[in-house]
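In what follows, a single structure is set out as structure tokens and then discussed.
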Amino acid sequence: MQPTWKTIIEPFKIKSVEPLGFTTRAERERVLRDASWNLFGVAADKVLIDLLTDSGTSAMSAEQWAAIMRGDESYAGARSFFAFEAAVRDLTGYKFVMPVHQGRAAERILFAVAGGPGKTVIANSHFDTTRANVEASGATAIDLPVPEALDFAVSAPFKGDMDLRALEEKIRELGGANIPMIVMTLTNNSLGGQPVSMGNLRRVSEIARRHRIPLMLDVARFAENAWFIKRREFGYAARCAAEIAREMFSYADGCWMSAKKDAFVNIGGFLAVNDPQWSARAREFLILGEGFPTYGGLAGRDLEAMAVGLREVLDEHYLEYRVRSIEYLGDGLRRAGVPIVEPPGGHAVYIDAKRLLPHIPPSGYPAQALACELYLTAGVRSVEIGSLMFGRRENGGFKPARMELVRLAIPRRVYTQSHMDFLIEVIADVAARAKTIRPLRLLDSSPRLAHFTARLEPETVQ
Ligand SMILES: *Cc1c(COP(=O)(O)O)cnc(C)c1O
């Protein structure tokens with residue numbers, strides 16, 4: 001047995017560095033005013049620690065950069081394509097592999113092939129671009145998460161699971177023929193990056209097979225999911241992450257991936273299926289919108305970097321560091337009395353702004369107000385997942401979102417433990433004076449995806 005050390009060391013050395021964006025308080029006040037209290041409008045070099053997203057923000061390894069130099073940029077049949085195809089097949093076991101420029105391109109193609117009016121796609125939870133692409137095809141998207149997923153204060157090991165009884169009932173109600181696929185999102189991004197258990201995945205697969213409905217996996221964070229299974233599910237402690245991942249893929253008929261997450265690349269994705277008919281039709285849409293099937297909207301070098309990243313992410317020293325450093329941030333915040341979504345997920349910690357700022361009603365955008373205060377205090381950028389993002393504003397009315405969260409998404413291999421310590425210090429400081437944080441008022445926003453362009457200002461004291 002190796003001793004277990006308390007300190008989580010980064011399992012890498014650093015060869016190339018970038019400066020952080022240091023600013024003064026006065027500068028940040030000006031920047032925030034100019035951005036109309038919308039952190040999407042802040043220039044990245046005015047941000048000290050950027051937790052806006054874990055998507056496309058990973059640090060690539062020396063091996064990935066070396067692979068980039070080997071990129072074969074031939075239009076058709078590039079060597080880089082075959083390296084990439086072999087990496088995806090080796091991992092997933094699926095026959096037909098199509099590169100795309102990012103996850104949503106795979107979704108658009110898949111639902112153009114299999115969606116359409118009158119059909120319903122059922123998922124543990126659709127990610128927002130997935131839902132948008134299901135609906136754009138004319139189909140309906142239904143989420144059937146386990147009930148405990150919606151209770152943020154309750155900690156459970158696999159809050160990403162599908163509600164199996166609800167799934168059976170829904171299939172009976174709609175009829176299998178009207179359900180073109182069942183989708184399992186690993187990890188469950190919309191519900192806090194919570195993992196799906198192997199037991200649940202296996203049972204969903206059995207139900208899908210019994211009703212002859214294809215099962216597709218949305219695997220942006222498959223390796224993080226595999227690691228949670230190893231750590232939390234009975235019978236998997238001695239299995240390696242790669243084996244666990246292969247078992248996960250074995251239960252489904254195909255998958256798609258935003259490689260901007262667990263493949264450590266800054267752009268890229270793929271769709272992989274076993275069904276030759278789906279593959280043939282998907283290839284037509286691929287050529288229409290992305291490019292020839294051996295490059296699919298990417299450069300040969302991008303395919304090489306993805307191939308390397310898909311293998312590197314299953315390194316257990318990396319996964320241990322990844323998951324533990326997010327738990328560490330969660331532990332630090334909990335100790336400081338900051339309410340978070342329990343337990344922390346695989347890629348982010350979510351602060352429950354409804355509980356931290358009970359004096360601000362949803363119409364005062366508590367999570368956005370908190371995110372702005374974190375920026376003002378120390379240049380930390382996070383993202384609101386609440387009524388600014390999901391609230392409905394129609395005909396002068398206001399319908400708040402179900403939750404008011406601030407997401408602290410952690411880019412992969414980018415920040416160190418001392419950055420996590422710094423974050424805990426800053427957030428504890430802000431939480432201690434939570435009562436003084438003022439509500440925001442929405443000045444204007446676009447009807448769709450309001451959070452990207454909304455303009456706000458602090459409410460003046462009455
Ligand atoms: C990010 C993500 C997508 C969309 O991928 P993009 O690369 O951003 O287009 C789809 N599903 C899940 C679960 C994701 O996390």
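Data overview
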quantity	calculated
For residue 360: the one exception among (1) assigned to a loop (DSSP other than H, G, I, E, B); (2) closer than 23 Å to residue 421 by Cβ	(2)
Enumerated helices (runs of 4 or more DSSP H) restricted to segment 89-208, each holding at least 2 residues that are within 17 Å of residue 272 (Cα to Cα) and under 17 Å from the mean Cα position of the chain (by Cα)	103-114
Given (1) open to solvent by 50 Å² or more (accessible area, probe 1.4 Å); (2) farther than 30 Å from residue 21 by Cβ, number of the condition residue 92 does not satisfy	(1)
Of the criteria (1) more than 16 Å from the ligand (Cβ to nearest atom); (2) in contact (Cβ under 8 Å) with a residue 24 or more places away in the chain; (3) open to solvent by less than 40 Å² (accessible area, probe 1.4 Å), which one residue 85 fails	(2)
Cross-chain or 6+ apart pairs with Cβ under 9 Å, segment 413-429 first and in a helix (DSSP H, G or I), then open to solvent by 40 Å² or more (accessible area, probe 1.4 Å) and among the small types (Gly, Ala, Ser)	424/336; 425/336; 427/336; 428/336; 428/337; 429/336
Condition broken by residue 234, with the remaining ones in (1) within 29 Å of residue 314 (Cα to Cα); (2) away from the ligand (no atom under 15 Å from the Cβ); (3) in a helix (DSSP H, G or I); (4) open to solvent by 20 Å² or more (accessible area, probe 1.4 Å) satisfied	(3)
Subset of segment 368-427 that is surrounded by 16 or more Cβ atoms within 10 Å (Cβ to Cβ) and of a type in the set (Ser, Thr, Tyr) - its residue that is farthest from residue 348 (Cα to Cα)	387
Which numbered condition residue 457 fails, given (1) open to solvent by 30 Å² or more (accessible area, probe 1.4 Å); (2) acidic (Asp, Glu); (3) free of Cβ contacts under 8 Å to residues at least 60 places away in the same chain	(3)
Of residues in segment 105-153 being within 11 Å of the ligand (Cβ to nearest atom) and open to solvent by 60 Å² or more (accessible area, probe 1.4 Å), the one modelled with the lowest pLDDT	128
Options 225, 274: the member that is open to solvent by 10 Å² or more (accessible area, probe 1.4 Å), of a type in the set (S, T, N, Q) and at pLDDT 95 or above	274
Positions within segment 172-196 being open to solvent by 10 Å² or more (accessible area, probe 1.4 Å) and more than 16 Å from the ligand (Cβ to nearest atom), in sequence order	172, 173, 174, 175, 176, 177, 178, 180
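The values are calculated or read from the model by the stated rules, or taken from the named source; none is laboratory data. In this text, all values refer to a predicted model and were calculated from it rather than measured experimentally. Here Cβ is always computed from backbone atoms with ideal geometry, including for glycine, and neighbour counts include all displayed protein chains. Calculation scope for accessible area: heavy atoms of the full protein, side chains included, ligands and nucleic acids excluded. Shrake-Rupley method; radii C 1.70, N 1.55, O 1.52, S 1.80 Å.
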